[in-house]
Amino acid sequence: MKKLGEKIFYFRACSSTNDLAKEKAEKGEEEGVVFWAEEQLKGRGREGRTWYSAKSKGLYFSIILRPESESVLLLPLLAGICCAEAINELFQLKVELKWPNDILCQNKKLGGILAEASFKGEKLNYLVLGIGLNTNYLLNDFPEEFRAFVTSLKIISGKEFDNRELLKAILNRLNYWYNLFSQRKKKKLFSAFNKYSFFKKEQRIKIKTKETTIEGNYKGIDQTGALVLSIGRKEIKVYSGEVT
Ligand code: BTN
């Protein structure tokens with residue numbers, strides 16, 4: 001397998017690294033190519049939200065993947081594990097992962113993952129994984145309405161962080177985990193996700209899906225990456241949604 005992140009396109013500013021990656025993937029760009037920007041003018045989050053992307057205050061990058069395996073829902077979880085491990089290794093900070101794509105530290109949002117897939121008929125053509133991490137933001141750098149919910153590595157530790165160093169560490173972890181994933185060795189991945197999971201087994205949670213809100217006890221994630229919830233005697237699987 002080719003090494004991920006061997007080719008990195010760097011931009012001082014761009015609209016959204018996910019948009020750049022998707023554009024190139026449509027034209028046949030190979031797996032593993034990374035698009036990294038110092039600033040995004042139209043950074044996107046999940047559910048059509050804006051991802052605030054001020055210059056050098058965060059790490060913003062996207063990578064093209066063309067996985068053979070059908071369990072693509074696992075890939076945002078895998079990316080979360082890579083971020084948690086890299087941050088832990090470099091800065092000894094404990095990070096938690098909130099299914100499906102939030103990266104939390106001290107109960108506040110430190111980062112997020114935006115996975116966008118494109119299919120050719122039934123078959124996956126490519127998946128773009130976009131990762132945004134708040135590294136050097138101070139609280140005042142965020143719009144006022146966000147301040148109660150967000151954090152950054154600098155807010156937590158008082159230190160300035162090198163985005164390049166963090167990118168390298170995440171890509172390193174991505175090579176390890178994506179390799180296991182591609183060989184369909186997923187057991188370790190589930191235990192790593194459980195280790196970092198913000199939700200603990202049997203915790204009462206509420207999930208807002210497009211249609212409705214459901215409440216139940218958190219059971220974990222299944223083989224495909226879906227969240228498993230028990231409601232009374234029934235177990236249900238949720239494939240996307242916002243959990244509170
Ligand atoms: C979320 O939590 O809603 C996901 C945020 C994902 C943000 C990253 S930053 C790099 C990439 N480019 C984007 O426009 N979005 C993702």
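The values are calculated or read from the model by the stated rules, or taken from the named source; none is laboratory data. Since the model is a prediction, treat every value here as computed from it, not as a measurement. Note that we place each Cβ from the backbone using ideal geometry, even for glycine, and neighbour counts take in every protein chain shown.
Tabulated data for the structure shown
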read-out	value
The stretch 85-107: number of residues that are within 16 Å of the ligand (Cβ to nearest atom) and over 15 Å from the mean Cα position of the chain (by Cα)	1
Answer from 90, 133, 74 - the residue that is closer than 18 Å to residue 240 by Cβ, out of contact with any Lys or Arg (no Cβ under 6 Å at 6 or more places or on another chain) and of a type in the set (A, V, I, L, M, F, W, C)	74
Exclusive hit being under 22 Å from residue 119 (Cβ atoms) and more than 9 Å from the ligand (Cβ to nearest atom), set 5, 48	48
Residue within the stretch 75-82 that is within 13 Å of the ligand (Cβ to nearest atom) and within 18 Å of residue 154 (Cα to Cα) present	no
Any chance residue 165 is more than 22 Å from residue 102 (Cβ to Cβ) and part of a helix (DSSP H, G or I)	yes
Matching residues in the stretch 189-206 - criterion: being in contact (Cβ under 8 Å) with a residue 60 or more places away in the chain and more than 16 Å from the chain's Cα centre (by Cα)	199
Residue within the stretch 14-37 that is surrounded by 16 or more Cβ atoms within 10 Å (Cβ to Cβ), of a type outside the set (Lys, Arg) and farther than 16 Å from residue 128 by Cβ present	no
Residue in the stretch 81-95 that is crowded, with 22+ Cβ neighbours inside 10 Å, part of a strand (DSSP E or B) and not charged (D, E, K, R) present	no
Number of positions in the stretch 187-202 that are buried (at least 17 other Cβ atoms within 10 Å of the Cβ) and outside any helix (DSSP H, G or I)	3
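For (1) closer than 29 Å to residue 2 by Cα; (2) modelled with pLDDT of 95 or more; (3) near the ligand (Cβ under 9 Å from one of its atoms), each residue gets a yes or a no:
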| site | (1), (2), (3) |
| --- | --- |
| 59 | yes, yes, yes |
| 69 | yes, no, no |
| 73 | yes, no, no |
| 112 | yes, yes, yes |
| 136 | no, yes, no |
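Here's the yes/no breakdown for (1) in contact with a strand residue (DSSP E or B) (Cβ under 9 Å, 6 or more places away or on another chain); (2) exposed (fewer than 11 other Cβ atoms within 10 Å of the Cβ); (3) on the phi < 0 side of the Ramachandran plot:
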| position | (1), (2), (3) |
| --- | --- |
| 113 | yes, no, yes |
| 117 | yes, no, yes |
| 121 | no, yes, no |
| 136 | yes, no, yes |
| 147 | no, no, yes |
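Residues are listed down the side, and each one gets a yes or a no for (1) of a type in the set (Val, Ile, Thr); (2) closer than 20 Å to residue 175 by Cα; (3) without any contact (Cβ under 8 Å) to a residue 12 or more places away in the chain:
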{"position": "8", "(1), (2), (3)": "yes, yes, no"}
{"position": "15", "(1), (2), (3)": "no, no, no"}
{"position": "27", "(1), (2), (3)": "no, no, yes"}
{"position": "43", "(1), (2), (3)": "no, no, no"}
{"position": "47", "(1), (2), (3)": "no, no, no"}
{"position": "55", "(1), (2), (3)": "no, no, no"}
{"position": "66", "(1), (2), (3)": "no, yes, no"}
